[in-house]
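A quick write-up on the structure given underneath.
The values are calculated or read from the model by the stated rules, or taken from the named source; none is laboratory data. This one's a predicted model, so the numbers in the text were calculated from it and none came from an experiment. So basically every Cβ, Gly included, is an ideal-geometry build from the backbone, and we count neighbours across all protein chains shown. Remember, those area values only see protein heavy atoms, side chains included, never the ligands or the DNA or RNA. Shrake-Rupley method; radii C 1.70, N 1.55, O 1.52, S 1.80 Å.
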Amino acid sequence: MRFAAVLNRDGGTLRTTDLSAFSDRMRQTLEAAGHSIDIDIVAGRDIVATLDTVASRRGVDVVLAGGGDGTISAAAARLMDGKKALAILPAGTMNLFARGLGIPQTLDAALKSFADGQVIAVDMASANGRPFIHQFSIGIHARMVQLRQNMEFGSRLGKIRASVRAAWATIKNPPAMRVTLTVGKAEIQTRITGIGITNNLFGEGHLPYADNPAGGVLGIYVTVARQRSELMKFFFNVARGKWRDNEHVEIHQADRAILKIHSAAKKFRAVIDGELVRLDRETIIEIHPGALNVLVPARAAHAKAA
């Protein structure tokens with residue numbers, strides 16, 4: 001296969017990686033397995049333009065993307081409904097989409113797994129037409145991301161620490177929003193502190209990622225927790241993958257959901273795959289089964305097919 005790698009030198013753990021040496025290892029590993037590879041190392045401000053170019057390049061079988069959540073989400077959006085496959089270098093903080101695909105969590109181990117990997121089709125989702133691979137969320141998660149953006153950190157560990165501080169600040173001053181959520185034929189009108197709508201249902205007993213990335217459904221998580229103790233339990237349950245143990249979380253699934261905001265929407269933001277975006281008064285979220293080809297380790301492909 002012909003690979004085209006796009007590495008965001010400002011994204012995730014690549015900021016502190018010797019990218020020249022890693023590029024040499026990429027070539028050696030993939031060429032030894034009979035593949036070819038072109039490598040672009042670019043600044044964060046140039047990542048979207050480079051992905052646009054690579055995604056439209058003829059003769060490329062696999063786009064190998066390395067960077068944080070924003071880089072991977074942008075790459076997936078450009079490959080959606082196309083023939084080229086996405087290979088993910090896990091250079092983000094949690095690498096949740098990559099975990100759901102069974103990709104090893106170190107750069108070199110992931111690279112080696114691609115040498116004899118297999119291409120499978122998995123789902124994507126969209127919010128008002130904007131594609132995403134992991135999650136659309138409002139409320140407490142968006143507040144936490146807003147607060148974290150104002151904190152300084154230069155490493156994965158630093159970002160985790162900043163996330164903990166932001167979570168605690170959110171617990172002390174949680175948002176409250178009046179919404180109408182339409183799921184199938186059901187219409188839910190309520191006051192929420194958070195809603196997360198995910199590309200497939202999260203698995204249980206681990207970090208929040210989908211065990212089945214080709215399940216064909218949205219996971220819809222609604223929390224109305226307001227008290228500090230309730231919110232602390234909520235964050236603790238999320239970290240342990242114990243959503244169903246929390247009495248303040250409702251879980252739904254559907255192929256389409258409509259979210260209407262009745263509070264002053266301009267005060268709030270949404271988060272799509274880790275990026276803060278403007279929150280529309282009405283958002284339509286949809287699942288797109290099999291819309292993305294991904295390269296995964298052979299053992300993961302066999303497990304998904306079983």
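Taking all protein chains as they are arranged and a probe of 1.4 Å, the heavy atoms of Arg226 leave approximately 100 Å² accessible to solvent.
Put Tyr209, Tyr221 in order of accessible area, highest first, and with a 1.4 Å probe you get Tyr209, Tyr221.
Counting 0.36 nm for each residue step from Asp40 to Ala121 and taking away their Cα separation leaves a gain of 26.6 nm.
Checking the Cα-Cα distances for Lys172/Lys242; Lys112/Lys159; Lys84/Lys242; Lys172/Lys267 against a 24 Å cut-off, the pairs over it are Lys112/Lys159; Lys84/Lys242. Label-to-label distance for Ala303 and Met232 is 3.5 nm, based on points extended 7 Å past Cα in the beta-carbon direction. A simple spin-label model places the labels of His206 and Thr182 3.6 nm from each other, with each point 7 Å out along Cα-to-Cβ.
Loop-resident GluC sites (Glu not before Pro) (DSSP state other than H, G, I, E or B) in region 194-248 with no more than 14 further Cβ atoms inside 10 Å of their Cβ: Glu204, Glu247. The simple spin-label model puts a point 7 Å past each Cα toward its Cβ; for Ser263 and Ala109 those points are separated by 4.0 nm.
Length gained on full extension, Asp52 to Asp280: 79.5 nm, using 0.36 nm per residue less the C-alpha separation. With the Cα gyration tensor of region 1-80 giving a ≥ b ≥ c as the square roots of its eigenvalues, does the rule (a/c under 1.5 for rounded; else a/b larger than b/c for prolate; else oblate) give rounded, prolate or oblate? Oblate is the answer for region 1-80, as a/c is 1.5 or above yet b/c matches or exceeds a/b.
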